[in-house]
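No value in this document is a laboratory result; all are computed from the given coordinates. Nothing here was measured: the structure is a model prediction, and the numbers come from that model. With ideal geometry, Cβ positions are generated from the backbone for all residues, glycine too; neighbour counts draw on all protein chains shown.
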Amino acid sequence: MLELKGVTSRYGPVTALQDVDLVAGEGRVTSVLGANGAGKTTLLRTISGLHRPESGKVTFDGQDITRMSADRMTRTGLAHVPEGRGVITELTVHENLRLGLLGRSRHREPLSVSDVVDLFPILGDRSHALAHTLSGGERQMLVIARALLATPRMLLLDEPSLGLAPRISAQIFGVIRQLVEEHGLSVLLVEQNARSALSIADVGIVLGLGKVIACDDAEVLSADENLRHAYLGY
Amino acid sequence: MQLINTLLGGFSVGMIYAAFALALVLIWQSTRIVNFAQAPMAMITTFIALKVIESGASYWIGFTVALVAGLVLGALVERLVIRYVDHDNHINPVILTLGLFIVLHALAAIVFGSSFRSFPAAFDLTGIKVGGETLALTPFSIFTILVVVAVMAALRLLFMKTDLGLTMRATAFNREVASVLGVKVNRALTLGWALAALVGSLSGLLIAGGGLVHPAYMDGVVVYGFVAAVLGGLDSPAGAVVGGLVMGIVLALVSGYLGSGLVPLAALIVLVVVLLVRPGGLFSTTKERTV
């Protein structure tokens, strides 16, 4: 569904991604793993149009989206979910959710605010609070809920477990898996927390210093002890 | 009686400062730029209104044309100039607006001439009489107050209740997040400048009403309007209104009781005191600002 071919991205003199090939299939969770600085966030920014790759090609459902602007990307059905800082803290929870509705892709049944509040009930309770009063977990739920309102075909999730208590991140991973199984959503998940990410993933990809080091079924990757020690830190 | 009249006069002038301060706040909120060129932009649109009125059209047609010209001018300035400046450096855009200030000034002098011209007022400029006393409240100043209040209410409605307003606020707070949510960020920025320039040209028209215009007639207003906006915290539309009213009343009192020569000094004293005592402004939610 989403395919990268030979993608190279730079920040000034620093090569953040080098000749990356990657496929994220429909209706699956594809986890991209790697340490800090491996290029995970750059990968998502390059796909979603926030950062222009130097070379290579990105296609989504056969359509070349390499140079598409970020706002059009959303309407094409690719929703980038920046990690929790992507909440607009000066707006209320409800206003953040309303923003999600504005970039709707029309590829799926439209969702209403109350539909996503059913997934994360806490957001309903905090509806009129300013988003800066939310906890880390609530912020993460808010950015995911907001992205879902755009009715994407694929979610690009950036470190949803960052800074969260294990119980909360387990809840969030649970909802992600549920969305994939019940609604046929596709997910490209970027995570430092390799163990949790592999537990809900179908396919895992390991990035190291901007290059793809391994790509295999999630179970195969979790069973590979050398790889786990060297790159995944558990 | 003199006190009441001084306060009334200060109140209606304060509403105009409030409108001007609001224009500064609108741009500050969406692009973190203090637009000093707002003054000559408003001067130019007022001159356009004057040309239209002199050609035989009614005051109201001139008024409307000036507001539309403000919208267009604001959009053009953002689209052709501001977009290309390096926003990471805070001082560059501000210097750019100062440069624009000088360029627009000179252009206006070339196109419209630099002599003083009188500008009509929509309503009577004689004070309303109450029980034999003449108040410093004219039908035109009532009009001024009502228009500014209406514009503020309309802006509040736009920003708080409509999708368009929501996209503009989201863009102002976090451009990148807005863009991944499908907001056309550049369009929102252009619209922000256009709206601000519209409010700015409204203040230009209201100040000109029944007085004289020439290329520098708004220069004092940019100082008072800027102090009003800082007083209110630059980030807060409500603060801009209160700041404008405070400035209008303080300056009227200074001018009425101490002498009009002291007005610019008083404005600077207010600015210095605010920056010393509450650097974030009276209404700012953030504690302090780095500029």
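Summed over all non-identical Cα pairs, the Kirkwood treatment of the range A:1-43 gives a radius of 11.4 Å.
Annotation: Cα Rg of the range A:2-232 relative to the compact-globule expectation 2.2 N^0.38 Å equals 0.97.
Under the definition of partner shielding as Cβ atoms of other protein chains within 10 Å of a residue Cβ, what is the mean value for peptide A:144-157? It would help to have the intermediate numbers written out before the result.
Details: counts 0, 0, 2, 2, 0, 1, 3, 0, 0, 0, 0, 0, 1, 0.
Partner Cβ neighbours, averaged per residue: 1.
Using alpha-carbon pairs under 8 Å, 6+ residues apart, how would you state the relative contact order of the range A:2-232 in percent?
28
Would you mind calculating the relative contact order of the range A:95-204 from Cα pairs under 8 angstrom and at least 6 residues apart, reporting the percent as a whole number? Mind showing how you got there, number by number?
Numbers: 115 pairs, mean separation 31.7, N = 110.
It rounds to 29 percent for the range A:95-204.
Pairs from the table (A:Lys57/B:Lys161; A:Lys40/B:Lys161; A:Lys5/B:Lys184) lying more than 31 angstrom apart at Cα are A:Lys57/B:Lys161; A:Lys40/B:Lys161.
Here the Kirkwood formula puts the hydrodynamic radius of chain B at 19.4 Å, using every distinct Cα pair. Summary of packing: across the peptides B:2-14, B:261-273, B:243-255, the per-residue average of other C-beta atoms within 10 Å ranks them, highest first, as B:243-255, B:2-14, B:261-273.
Only counting other Cβ atoms within 10 Å, I'd like B:Val111, B:Val85, A:Val7 sorted with the fewest neighbours first. Spell out each step's value before the answer.
On the way: B:Val111 12, B:Val85 16, A:Val7 22.
Ordered by Cβ neighbours within 10 Å, fewest first: B:Val111, B:Val85, A:Val7.
Remark: the range B:140-291 carries a charge dipole of roughly 340 debye about the Cα centre, counting +1 on each Lys and Arg Cβ and -1 on each Asp and Glu Cβ. Extension gain, A:Gln178 to A:Ile122, is 18.4 nm, computed as 0.36 nm per intervening residue step minus the present C-alpha separation. Our compactness index for the range A:112-234, the C-alpha radius of gyration over the empirical 2.2 N^0.38 Å, is 1.14.
The residue among B:Pro40, B:Met160, A:Leu142 whose Cα reaches farthest toward the positive pole of the charge dipole of the protein assembly as shown, with charges on the beta-carbon of Lys, Arg, Asp and Glu, is B:Pro40. For the pair the range B:116-145 and the range A:168-191, the centres of their Cα atoms are 66 angstrom apart. Here the convex hull built on the C-alpha positions of the protein assembly as shown has a volume of 177 cubic angstrom per residue. With 12 Å as the cut-off, how large is the P(r) tail for the range B:116-177, expressed as percent of Cα-Cα pairs? Everything past 12 Å amounts to 76 percent.
Each part reduced to its alpha carbon centroid, the range B:210-237 and the range A:32-75 end up 45 Å apart. Loop sites here are GluC sites (Glu not before Pro) outside DSSP states H, G, I, E and B with no more than 15 other Cβ atoms within 10 Å. The longest part of chain A free of them is A:55-234. The convex hull built on the alpha-carbon positions of the range B:211-291 has an orientation-averaged projected area of 6.1 nm². Here the relative contact order of chain B, from alpha carbon pairs under 8 Å that lie six or more residues apart, stands at 35 percent. Here is the tail figure for the range B:154-291: Cα pairs spaced more than 26 Å apart come to 36 percent of all pairs. Take B:Glu176 and B:Ser115, extend 7 Å from each Cα along the Cα→Cβ direction, and tell me the distance between the two endpoints in nm. My value for the distance between the label points is 5.7 nm.
With the charge dipole of the range B:45-120 set up from +1 on Lys and Arg Cβ and -1 on Asp and Glu Cβ about the Cα centre, the Cα lying farthest toward the positive end among the listed residues B:Ala57, B:Gly70, B:Val103 is that of B:Ala57.
Semi-axes of the equivalent ellipsoid for the range B:133-211, computed as √(5λ) from the eigenvalues of its C-alpha gyration tensor and ordered from largest down, come to 35, 13, 7 Å. Evaluated with a Cβ-only charge set (Lys, Arg +1; Asp, Glu -1), the range B:2-217 carries a dipole of roughly 320 debye about its Cα centre, given to the nearest 20.
Look at B:Trp28, B:Trp60, B:Trp193 and count the other Cβ atoms within 10 Å of each Cβ; fewest to most, that gives B:Trp60, B:Trp28, B:Trp193.
In whole Å and largest first, what semi-axes does the C-alpha gyration tensor of the range B:35-161 yield when each eigenvalue is scaled by 5 and square-rooted?
Taking √(5λ) for each eigenvalue gives 32, 21, 15 Å, largest first.
From largest to smallest, the equivalent ellipsoid semi-axes obtained for the range A:1-120 from the alpha-carbon gyration tensor read 27, 17, 14 Å. Counting Cβ atoms of other protein chains within 10 Å of each residue's Cβ and taking the mean over peptide A:64-74 gives 3.
Helices that extend 27 Å or more along their long axis by alpha-carbon positions and average at least -0.5 on the Kyte-Doolittle scale are, among the DSSP H runs of chain B, B:2-31, B:59-80, B:91-112, B:139-161, B:185-208, B:237-257. Inter-chain neighbour count for A:111-124: the average number of beta-carbon atoms from partner chains within 10 Å of each residue's beta-carbon is 0. The angle separating the long axis of helix A:166-183 from the principal Cα axis of greatest extent in chain A is about 90 degrees. Placing +1 on the Cβ of each Lys and Arg and -1 on the Cβ of each Asp and Glu in the range B:1-144, which of B:Phe143, B:Leu26, B:Ala121 has its Cα farthest towards the positive end of the resulting dipole? Checking the options against the dipole of the range B:1-144, the answer is B:Ala121.
Our note on the geometry: Cα centres of the range B:57-102 and the range A:86-137, 35 Å apart. Charges were assigned to the Cβ only: +1 to each Lys and Arg, -1 to each Asp and Glu. The resulting dipole of chain A about its Cα centre is roughly 680 debye.
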